[in-house]
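A quick write-up on the structure given underneath.
The values are calculated or read from the model by the stated rules, or taken from the named source; none is laboratory data. Just so it is clear, the structure is predicted and the values come from calculations on it, not from any experiment. Note that each Cβ is placed from the backbone with ideal geometry, even for glycine, and that neighbours are counted across all protein chains shown.
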Amino acid sequence: MSYTLDRASVLVVEDMVPMAMLTKRILHTFGFKDVYVAHDAETGFELFQKHAPDLVIADWIMGDMSGLDLVKLIRRDPLSKNSYVPVILMTGFSHKLRVMQARDIGVSEFLVKPFTAKDMYARILQAIEKPRQFVDNGDFFGPDRRRKRVVQAYDGPMRRYDDTGE
Amino acid sequence: MKYSNPPNSLKEKVGSGGIPVERIERAETVIAESKAEFSTYIQQAVKDLEQVSQISLEDDIWAEREDYTKIVMSMKAHGKMFGYPLVTALSYEVLQVLDVCEKFNADMLDILLAYKQSLKLIADNKMVQMNADGAKDIVNALCAACGRYLQKYSF
């Protein structure tokens, strides 16, 4: 048994046309059927509102409006169709400060370019199987910036509010 | 502070089981065989970097630094994806320096100029792979310059 990816839709927002096409081909090869593509963030948000995709994959650096601006709109615009949608941000940046900047805007996953198909699959898998809870503290709305680490060796009682109690 | 666990519509739609390995391997082939006229993007980057030679260190060029960073980042990001791993390797080194540099000084300018010249050489001679003639020399020279910069300014 494998994922029925043809039931889910993806929005790709990437201004470099060959990269957008390549990303679309990778997603089709994975099994996604409905892949919408925009080459700027403004059009990306329009397509987002029109199709309400289940996953967004956006580039960071684009024309006037960046991928981070798009994430802000998706997360905070009162008219946003789905503020909780998982967003994977693609970028060539990998410096810690840049990653933190993206995380502070509400990005779900970070995909550093150049990437392999395996890298992209790992991020999609994370979005499907281990979505983070959302935090709203007034200044920030998005996936919890702290990724929960499971300490395998610990076998004592679970006391945190979000422990499952298993 | 409010926490919420929104419904996972993606999971609900796709179910369980992952993506079969064969599909992931096929997708790797899609990337390996991706064709784009990337040399035109390299030439554009060289053109955009031409302004570096006109920079005066007396000017406040902090904003421009971000522009150059974006050019280098784009080359690093897309080179390998479109068959130019050498471009990615070079750009990675320069990006590391640009990401930490606190002052746009003469050493930084030298690195950018050397980077621009390297890109031009790669585009003119269609040097694609790391094992192309002269490729290692270019990478080693630029790596050494970047290393010296990071050492000199104690990063």
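Pairs under 7 Å by beta carbon, first residue at the interface with chain B (Cβ under 8 Å from one of its Cβ atoms) and over 16 Å from residue A:2 (Cβ atoms) in the range A:113-128, partner part of a helix (DSSP H, G or I) and among the polar types (S, T, N, Q), six or more apart or different chains?
Sorted first by the residue in the range A:113-128, then by its partner, the pairs are A:114/B:88.
Can you name the residue in the range A:54-72 that is surrounded by fewer than 23 Cβ atoms within 10 Å (Cβ to Cβ) and part of a loop (DSSP other than H, G, I, E, B) and is also nearest to the other protein chains (Cβ to nearest Cβ) among such residues?
A:61
Any idea how many residues of the range B:1-48 are part of a helix (DSSP H, G or I) and within 7 Å of chain A (Cβ to nearest Cβ)?
Qualifying residue count for the region: 12.
To keep it simple, each residue is scored yes or no on (1) at pLDDT 95 or above; (2) of a type in the set (D, E, K, R).
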site: B:8; (1), (2): no, no
site: B:39; (1), (2): no, no
site: B:58; (1), (2): no, yes
site: B:73; (1), (2): yes, no
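For the range A:1-24, name all the residues that are among the charged types (D, E, K, R) and surrounded by fewer than 16 Cβ atoms within 10 Å (Cβ to Cβ).
A:6 - this is the single residue of the range A:1-24 that is among the charged types (D, E, K, R) and surrounded by fewer than 16 Cβ atoms within 10 Å (Cβ to Cβ).
Please give the number of the condition residue B:3 fails out of (1) farther than 30 Å from residue B:84 by Cα; (2) at pLDDT 95 or above.
Exception for residue B:3: condition (2).
Does residue B:49 satisfy the criteria of being of a type outside the set (Gly, Ala, Ser) and in contact with a Lys or Arg (Cβ under 6 Å, 6 or more places away or on another chain)?
For residue B:49, the condition - of a type outside the set (Gly, Ala, Ser) and in contact with a Lys or Arg (Cβ under 6 Å, 6 or more places away or on another chain) - is met.
Look through A:87, A:107, A:99, A:112 and report the one residue that is out of contact with any helix residue (DSSP H, G or I) (no Cβ under 8 Å at 6 or more places or on another chain), of a type outside the set (S, T, N, Q) and within 18 Å of residue A:62 (Cα to Cα).
Answer to the selection: A:99.
Quick check on my filter: what residues within the range B:89-137 are in contact (Cβ under 8 Å) with a residue 60 or more places away in the chain, in a helix (DSSP H, G or I) and of a type in the set (D, E, K, R)?
Result: B:116, B:120.
What tally of residues in the range A:101-138 results from selecting those that are assigned to a helix (DSSP H, G or I), aliphatic (A, V, I, L, M) and surrounded by fewer than 18 Cβ atoms within 10 Å (Cβ to Cβ)?
2
Report, by residue number, each residue of the range A:80-95 that is under 20 Å from residue B:98 (Cα atoms) and assigned to a loop (DSSP other than H, G, I, E, B).
Selection gives A:92, A:93, A:94, A:95.
Sort out which residues of the range A:1-22 are part of a helix (DSSP H, G or I), farther than 16 Å from residue B:18 by Cβ, more than 7 Å from chain B (Cβ to nearest Cβ) and not small (Gly, Ala, Ser), and write them in order of number.
Of everything in the range A:1-22, those that are part of a helix (DSSP H, G or I), farther than 16 Å from residue B:18 by Cβ, more than 7 Å from chain B (Cβ to nearest Cβ) and not small (Gly, Ala, Ser) turn out to be A:17, A:21.
Which condition number does residue A:47 fail, the rest of (1) surrounded by 21 or more Cβ atoms within 10 Å (Cβ to Cβ); (2) touching a strand residue (DSSP E or B) at 6+ places or on another chain (Cβ under 7 Å) being met?
Just one mismatch for residue A:47, condition (1).
Among the residues of the range B:97-122, which ones are basic (Lys, Arg) and more than 14 Å from residue B:47 (Cβ to Cβ)?
Filtering the range B:97-122 down to residues basic (Lys, Arg) leaves B:103, B:116, B:120.
If the condition is that a residue be basic (Lys, Arg) and more than 14 Å from residue B:47 (Cβ to Cβ), then B:103 is the only one that fits.
Can you confirm whether residue B:142 is closer than 15 Å to residue B:72 by Cα, in contact with a Phe, Trp or Tyr (Cβ under 7 Å, 6 or more places away or on another chain) and at pLDDT 85 or above?
It is true that residue B:142 is closer than 15 Å to residue B:72 by Cα, in contact with a Phe, Trp or Tyr (Cβ under 7 Å, 6 or more places away or on another chain) and at pLDDT 85 or above.
Among the listed residues A:75, A:25, A:98, which satisfies the condition of being on the phi < 0 side of the Ramachandran plot, outside any loop (DSSP other than H, G, I, E, B) and at pLDDT below 95?
From the options A:75, A:25, A:98, the qualifying one is A:98.
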